[in-house]
Structures are given as structure tokens and as C-alpha cells.
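Below you'll find the structure, written out as C-alpha cells, and then a few comments.
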Amino acid sequence: MPWVESRRDEDAVTALRETFNEDAELYDRARPRYPRALVGELARAAGLGPDSRVLEIGPGTGQLTVPLAETGCRITAVELGDAMAGVARRRLAAFPRVEVVVAEFENWDLPAHPFDLVVSATAFHWIDPAVRLVKAARALRPGGRLALVLTEHVAGGSVEFFAQAQRCYERWDPDTPPGLRLLPASEIPAGTGEPADSPLFEHVVATRHTQDITYTTDQYIDVLRTYSGHRALDEGARRGLLTCLRRLIDTRHGGSVTKRYLHELIVTERALT
């Protein structure tokens, strides 16, 4: 969702990003983990090890934090939602070098000692664009790296189901564009524009990773129940939409569907000057 500079839209964005905290256990259970190849590429590009200091923005319930913690690095994870942070702390209890802080990143006081890596996975777009790159750069030592993971839902998997599902959305979600279809990964624009255009960063490198996940009907409905746009629907529309999709999966797709995700890893360095 693009950030629009009106007060009304700022309030709307704030309300949407706070929906994730409403059912942290569901979020933790339903949301996909990141591909091991992506985590490995991130660890290699950032040179992560026991001496590394990492700041994670918006860790959620620890989908990326846990595999990063397995590298032995020291992590400070700043999470807006207290319930989400509580689940993350439980999942990270075996990693004493990880601290989960409940705070809004825009207003969080940076520590005096800079970080080697600032990372944000499927969360950076929720941060005020007037703040996010500037504050990320301030948090880093010169030459330190910023890593962003951008996630898109792309064409693939159960292609016929996603085409049919559009009719459910058009009926129950008034903001659905007519005829909307998922694009193949090859047609998704690179997400490198923002850091590449900033004088605060240099040497931007992007890699792409796809994964297909097969869900039962209940599992897929649970995933949808974690999406901010679905949660923001009024109760009647949300119930109608999910019932329509459930019926479609059960009656025409044998009780399961496969969804394709595109994860783009963008790594850039803080400029030395």
C-alpha cells in the first residue's frame, strides 16, 4: 500500500498496520516462513556471525528473526504490537542475544552504538517514508547494510482457483478492481527504486526467491484472516468473502490450493559520506 500524505490516509495506514496485533497466535501459525535460500543469501551478503549487531524493524512473531538468530548474531527487534512481540519472545526464548522491544520504529530512540545490519521483512512499507531510510541509515555504521525483504503474491500454483476467486472479491470487497489478476513473477517490477534513489545508500543488489505453499481450506482461510485488508472489511463482508472462498476450494478444488510467493531480497550499503 503506498503511503499518501494526507492525515486521513495516515490514520488509515496506522489502523491497518495495527490489525496484525489483534490475533498474534493466528499470525504466527498461518504466515509462511521465508525460504532457507533467502536467509542464507542474507547472512552471506551481510557477513553475519557472532560479532554482528542487527536491528530488525517489524519482526512480527519472528518469521525471519528465528533463522537470523541461529547465526549467533545479536539482534534488537523493534515491534509495534505488544501481542506480536509476546509471541516473538516466546519463540526466541532459546536465543539470549535477541531482544524484542515494543515500540513504533519512527519514535524509537536509536542506541548510541551503531548496527552492522538493519533488516525488515515484509514490513518496511508500513513505516513512514519520510523516516524509514533516514533512520535506517542513522542506525547503521558507515558501510553497514540495509536488507529489505519484499513479498508479492504472484501467478502460479492453483492458477484457476485464483482467477475464480476474483468473483468472490468483486462481490464482497467493494475496493476490488474489476478483472484483477495476479502477475507472473517476471512481470513484477524490481523493488530497488527507493534505496537506489537515496544518496544515503549505495551498491544495491537484489535477488529473487519463489516458493509454492499448498494449503488446506482451513489453512488458506487462516492466511487470509491475517491480511490487513481482509481484517479491515466489515464483519458481514468478511464473513461472506471467506465463505465464498471456502466453498470454492471445497467444491471445485478438492479441499486444497497452492499459492506462489515471490520474495525479493534487497541488500544495500550505507554510503560512507
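Since every read-out is calculated from the coordinates, none of them should be taken as a lab result. Note that the structure is a prediction, hence the values are computed from the model and not measured. Reconstructed Cβ throughout: ideal geometry from the backbone, glycine too, with neighbour counts over all protein chains shown.
Net charge within 13 Å of Ser52 by Cβ-Cβ distance, Lys/Arg positive one each and Asp/Glu negative one each, not counting Ser52 itself? Present the calculation step by step, with values, prior to reporting the outcome.
On the way: positive: Arg44, Arg53, Arg74, Arg97, Arg141, Arg145; negative: Asp51, Glu56, Glu70, Asp116.
Within the 13 Å Cβ shell, the charges total +2.
Here, P(r) means the percent of Cα pairs in each 5 Å bin from 0 to the largest distance; for the chain it is 1, 5, 12, 16, 18, 17, 13, 9, 5, 2, 1, 0, 0. Normalised by residue number, the volume inside the convex hull of the Cα atoms of region 65-213 is 170 Å³ per residue.
Divide by every residue of the chain the summed helix terms, -39500 (n - 2.57) for each DSSP H run of at least 4, and state the resulting mean residue ellipticity at 222 nm, rounded to the nearest 500 deg cm²/dmol.
On the way: 11 runs with 101 residues, N = 273.
-10500 deg cm²/dmol, from helical runs alone.
Using all pairs of distinct alpha-carbon atoms, the Kirkwood hydrodynamic radius of region 30-74 works out to 10.9 angstrom.
Helix by helix through the chain, keep the DSSP H runs that span 18 Å or more along the axis on Cα and average at least 1.0 on Kyte-Doolittle, and give those back in order.
Details: long enough: 159-172 (21 Å, -0.66); 235-252 (25 Å, -0.43).
Span-like helices here: none at all.
Which trypsin sites (Lys or Arg not before Pro) in region 73-163 sit in a loop by DSSP (not H, G, I, E or B) and have at most 16 other Cβ atoms within 10 Å of their own Cβ? For trypsin sites (Lys or Arg not before Pro) across region 73-163 that sit outside H, G, I, E and B with at most 16 neighbouring Cβ atoms in 10 Å, the list reads Arg97.
In the frame of its principal axes, region 135-273 has Cα extents of 59, 29, 26 Å, reported largest first.
When Lys and Arg each count +1 and Asp and Glu each count -1, what net charge do the other residues less than 12 Å away from Ala190, Cβ to Cβ, add up to?
On the way: positive: Arg208; negative: Glu152, Glu187, Glu194, Glu264.
After counting each charged neighbour, the total is -3.
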